[in-house]
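Heads up: the structure comes next, in structure tokens.
A short reminder: the numbers here are calculations on the coordinates, not readings from a lab. Predicted, not measured: the structure shown is a model, and the values here were computed from it. Cβ placement follows ideal geometry from the backbone for every residue including glycine, while neighbour counts extend to all protein chains displayed.
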Amino acid sequence: MTTHSKTFRGIKISAGIAIGKAVVFSHTSRDITRRIISPDEIYIEKDRFISAIKLIIDQTDYLIGQMNPKELKKIGPHLHVQKMILSDLRFIEDVKRIISTDLVNCETAVSKAFEKYSKLLHSKEKALLNAKSTDLKSIEFLLLRVLSGKIKDISLLNEEHILITNDLTPAELYYYSKQKVVGIATETGGRNSHTSIVARSLNIPAVSGIQNITQIINTMDNVIIDGHNGILIHNPSNKQIQDYSSKKVSFCLLSDKKVDKTEHMFVSKDGQRINIYANIDFPEEVETALSLGADGIGLLRTEFYFIERPRAPSEEEQFKSYDTIAAKFYPKEVTIRTLDVGGEKIPGFISQHKEENPALGIRAIRFCLRNKNLFLTQIKAILRASHRGNVKILIPMISKIDELTETINIIQEAKDILTKENKKFDPNIKLGIMLEIPSVIFTLEDMAEYVDFFSLGTNDLVQFIMAVDRGNIELFDSASSTNPAMIRVLKIIFEKIQKINKPIYVCGEMAAEDENITVLLGLGYRNLSMSPVNIPLFENLIRKIHIHKAESLVNEIIKMKSEKEIKMILERFLNEES
Amino acid sequence: MLECDDSPKPDGSSKKLIKTLTLKNQLGLHARAAAALVNTANKFVSDIQIHYNNETANCKSIMGILMLSAPLGAEIQFVIEGEDAHQALHEIERLIENKFGEPE
């Protein structure tokens with residue numbers, strides 16, 4: 001079969017890797033019959049509605065009965081909520097009334113009722129919205145699935161499957177996990193929805209937020225779910241399947257038994273030690289990074305503390321969390337990046353105008369400088385967590401000196417306040433900026449006067465250099481990091497950095513693929529930060545590579561004009577080395 | 001805050017209690033908290049209404065409570081009427097005081 005492999009990026013829901021054949025449950029407008037009924041059908045429709053509810057409640061009760069005490073404690077409450085909503089008198093009366101007054105079938109009535117609830121919620125506090133309305137949405141979808149007779153008994157499946165669906169209720173997820181479903185991809189659902197929480201407690205790799213996925217993927221297509229990186233690969237190549245199988249094995253090994261990693265060395269075949277750091281999105285990943293022998297945290301993203309929250313986290317809450325992480329890693333370094341939101345990812349408790357071009361709009365440091373209290377609170381929390389001397393501050397999306405000096409003033413202000421409050425912090429805390437906007441490349445020497453280190457954000461840099469949206473599936477190939485322009489840009493950056501003599505860390509996804517790693521090492525980069533799951537894979541790779549060979553290879557590549565040619569050469573190099 | 005109407009009702013038993021309570025848990029009346037509130041309310045025969053932001057919901061209906069969208073710090077008025085009103089108010093207060101058993 002020569003189907004083309006495609007990669008989709010979604011939201012990370014639950015870590016882990018799953019490889020298998022897809023089972024697609026879809027319920028689009030196409031699959032659901034919505035129609036007007038005649039008055040004498042009112043009874044039939046109301047009956048259908050009540051039976052569907054009864055069926056789901058019975059099944060939920062059955063599932064609760066099957067649970068062991070641990071599951072009952074963790075998952076039980078979510079199933080109870082689902083049951084309670086379905087048996088809610090107001091809900092039942094609403095649907096029945098819509099059936100008889102609007103003269104519509106019960107599918108239509110159910111959707112109308114949920115639409116009303118969702119509107120009501122939307123008109124109110126925005127913050128709670130995400131989790132709550134996706135929870136309701138998943139219950140609506142479940143009802144529609146049951147009504148359409150499309151709820152499938154997948155207990156007949158005889159190999160491991162990945163469930164692709166619009167949405168899922170916690171009860172369904174639990175049920176399918178007991179069958180042969182090993183991974184989940186959904187179109188909707190935030191990280192804090194009930195289903196997401198249940199997926200994590202069941203250790204089922206899951207991603208969400210991939211639009212139209214039920215229309216693109218067919219049942220029995222090959223699929224890989226990479227829950228660590230929020231990625232779904234449709235029709236993966238044999239190489240991708242191989243790569244992910246080994247990732248899966250190393251991850252399972254490492255998470256099963258706590259391997260002693262003190263003797264851990266990331267050393268190349270010709271004896272060069274590479275520094276490997278972890279990119280952390282959620283506090284729960286910290287233990288994994290530690291057990292994998294990471295040299296520190298190269299990028300601690302802090303968006304987790306702000307998104308899907310009813311209000312901004314307090315200084316105390318942030319401090320406690322940052323401090324716990326810093327203590328766990330001590331004496332290794334922990335680089336904390338200040339809030340990088342904007343565009344679509346604005347926290348619910350902040351109101352901001354919709355922007356026409358959010359990627360180039362008020363995000364990251366631009367957002368923080370406009371929300372000074374929020375920013376000052378975070379800076380204070382980071383400073384307080386630095387009292388051991390192993391915490392660094394990283395500022396995202398700096399594009400010009402003014403933003404940097406303004407930030408430095410705020411950091412100074414935070415230090416002054418903390419001194420007055422008699423709170424401990426590291427007065428010499430190191431400050432770095434993300435190098436992800438091309439303007440910084442041209443002002444690197446100026447910036448260097450103010451900062452201690454740079455972090456190369458390859459994801460955004462490639463977007464801005466190539467003017468492509470990485471989220472756009474059609475343009476995915478154009479967003480590759482091994483095109484001639486990117487490689488040359490990376491070379492220019494490295495040469496400048498060497499003159500400045502300040503450290504640079506690579507923390508984009510570029511540090512996660514074999515070909516890209518070869519290029520980075522060949523160019524001279526020695527500090528790489530990556531998702532914890534990629535660390536064992538890197539360890540396998542680095543053992544086989546001669547750095548001096550990679551360096552001569554890159555000297556050749558840098559002259560090449562075609563990306564295809566570069567890719568070929570890189571692939572051949574990696575084959576020869578292993 | 002507590003208004004207590006202990007005057008004997010025609011049936012000789014009913015009591016009406018009104019009390020405003022402040023939500024202390026981080027997520028406010030989200031689904032699991034709402035479910036806990038409904039579970040508590042359902043243990044009593046008293047009629048329990050809650051008022052917040054000019055809206056009223058039956059404390060025994062999760063949908064109604066969810067639609068109130070009450071966040072952390074929201075002041076919610078409970079109107080409880082029935083023979084076990086005192087006991088019901090006591091348990092609801094405790095539930096809210098304990099932040100619905102949520103970890104912080």
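Setting aside same-chain residues fewer than 8 positions from B:Lys15, which aspartates and glutamates have a Cα under 12 Å from its Cα?
Counting by Cα, and skipping residues close in sequence, B:Lys15 has these aspartates and glutamates nearby: B:Glu3, B:Asp5, B:Asp6, B:Asp47, B:Glu81, B:Glu83, B:Asp84.
Among A:Arg488, A:Arg366, which comes first, second and so on when ranked by fewest other beta-carbon atoms within 10 Å?
On the way: A:Arg488 14, A:Arg366 17.
Listed from fewest to most nearby Cβ atoms, that is A:Arg488, A:Arg366.
How much net charge surrounds A:Glu421 when only the other residues with a Cβ under 13 Å from the Cβ of A:Glu421 are counted, with Lys and Arg +1 and Asp and Glu -1?
Values: positive: A:Lys380, A:Arg384, A:Lys415, A:Lys420, A:Lys423, A:Lys424; negative: A:Glu315, A:Glu316, A:Glu413, A:Asp416.
Residues close to A:Glu421 contribute a combined charge of +2.
With both bridge residues required to lie in the protein assembly as shown, what share of the DSSP beta bridges run antiparallel, to the nearest 5%? If you can, show how the numbers build up before the last one.
On the way: 37 of 75 bridges.
Antiparallel bridges: around 50 percent, rounded to the nearest 5.
Mean separation of Cα pairs under 8 Å and 6+ residues apart, divided by the residue count of chain A: what relative contact order is that in percent?
Details: 1017 pairs, mean separation 83.3, N = 578.
Over chain A, the number comes to 14 percent.
Considering Cα pairs under 8 angstrom that are at least six residues apart, work out the relative contact order of the range A:6-238 and quote it in whole percent.
Values: 421 pairs, mean separation 92.9, N = 233.
For the range A:6-238, the relative contact order is 40 percent.
Using every Cα-Cα pair within the range A:6-238, state what percent have a distance larger than 26 Å.
Working: 10025 of 27028 pairs.
For the range A:6-238, the fraction of Cα-Cα distances above 26 Å is 37 percent.
Please report the relative contact order for the range A:258-577, taking Cα pairs under 8 Å with a sequence separation of at least 6, and give it as a percent rounded to a whole number.
Details: 538 pairs, mean separation 60.3, N = 320.
The normalised contact order for the range A:258-577 reaches 19 percent.
Students often get this wrong, so check it: of A:Lys499/A:Lys564; A:Lys46/A:Lys70; A:Lys400/A:Lys564; A:Lys6/A:Lys247, which have C-alpha atoms separated by over 28 Å? Mind showing how you got there, number by number?
Numbers: A:Lys499/A:Lys564 32 Å; A:Lys46/A:Lys70 38 Å; A:Lys400/A:Lys564 35 Å; A:Lys6/A:Lys247 19 Å.
The answer is A:Lys499/A:Lys564; A:Lys46/A:Lys70; A:Lys400/A:Lys564.
Write out the GluC sites (Glu not before Pro) in the range A:429-536 meeting two conditions: DSSP loop, and at most 16 other Cβ atoms within 10 Å of their Cβ. Can you show the working numbers first?
On the way: sites: A:Glu436, A:Glu445, A:Glu449, A:Glu474, A:Glu495, A:Glu509, A:Glu513, A:Glu515; in loops: A:Glu436, A:Glu449, A:Glu513.
Those that pass, being in a loop and sparsely packed, are A:Glu449.
Using only the Cα atoms of the range A:1-105, build the gyration tensor, take square roots of its eigenvalues as a ≥ b ≥ c, and label the shape rounded, prolate or oblate: rounded if a/c is under 1.5, else prolate if a/b is larger than b/c, else oblate.
Values: a/c = 2.82, a/b = 1.35, b/c = 2.09.
Since a/c reaches 1.5 but b/c is at least a/b, the shape of the range A:1-105 is classed as oblate.
Summing +1 for each Lys or Arg and -1 for each Asp or Glu, what net charge is found among the other residues whose Cβ lies under 15 Å from the Cβ of A:Asp102?
On the way: positive: A:Arg34, A:Arg35, A:Lys46, A:Lys96, A:Arg97, A:Lys112, A:Lys116; negative: A:Glu41, A:Glu45, A:Glu93, A:Asp94, A:Glu107, A:Glu115.
Charge balance near A:Asp102 sits at +1.
Could you work out [θ]222 nm for chain A from helices alone, using -39500 (n - 2.57) per DSSP H run of at least four and dividing by all its residues? Round to the nearest 500 deg cm²/dmol. Working shown, then result.
Working: 23 runs with 276 residues, N = 578.
-15000 deg cm²/dmol, from helical runs alone.
Using bins 10 angstrom wide from zero, how does P(r) for the range A:49-125 break down, in % of all Cα pairs?
Percent of Cα pairs in each bin: 17, 39, 28, 14, 1.
Go through the range A:108-119 residue by residue and turn each phi into a ³J(HN,Hα) via Karplus (6.51, -1.76, 1.60, θ = phi - 60°); whole Hz please, and just put x for glycine and proline.
Those phi angles translate into 4, 5, 4, 4, 4, 4, 5, 4, 4, 4, 5, 5 Hz.
Enumerate the lysines that A:Lys559 could reach by cross-link, defined here as Cα to Cα under 18 Å, with residues fewer than 8 away along the same chain left out.
Partners within reach: A:Lys491, A:Lys549, A:Lys567.
For the range A:21-82, take the convex hull of the Cα atoms, compute a quarter of its surface area, and give me that in nm², please.
On the way: hull surface 27.2 nm².
Value for the range A:21-82: 6.8 nm².
Roughly how compact is chain A, stated as its Cα Rg over 2.2 N^0.38 Å to two decimals?
Compared with the compact-globule rule of thumb, chain A sits at 1.04.
Residue by residue through A:68-78, how many Cβ atoms from other chains fall within 10 Å of the Cβ on average? Intermediate values should be presented prior to the final figure.
Working: counts 0, 0, 0, 0, 0, 0, 0, 0, 0, 5, 3.
Mean shielding count: 1.
Per residue, how much space in cubic angstrom lies within the convex hull of the C-alpha atoms of the range A:258-577?
Working: hull volume 44.2 nm³, N = 320.
Dividing the Cα hull volume of the range A:258-577 by its residue count gives 138 Å³.
Given the options A:Leu63, A:Ile85, A:Gly189, identify the residue whose Cα lies farthest towards the positive end of the charge dipole of the range A:6-238 (+1 on Cβ of Lys, Arg; -1 on Cβ of Asp, Glu).
It is A:Gly189, whose Cα lies furthest towards the positive end.
Mind checking which lysines have their Cα closer than 18 Å to the Cα of A:Lys392? Skip sequence neighbours fewer than 8 apart in that chain.
A:Lys320, A:Lys328, A:Lys332, A:Lys380, A:Lys415, A:Lys423, A:Lys424, A:Lys430, A:Lys502
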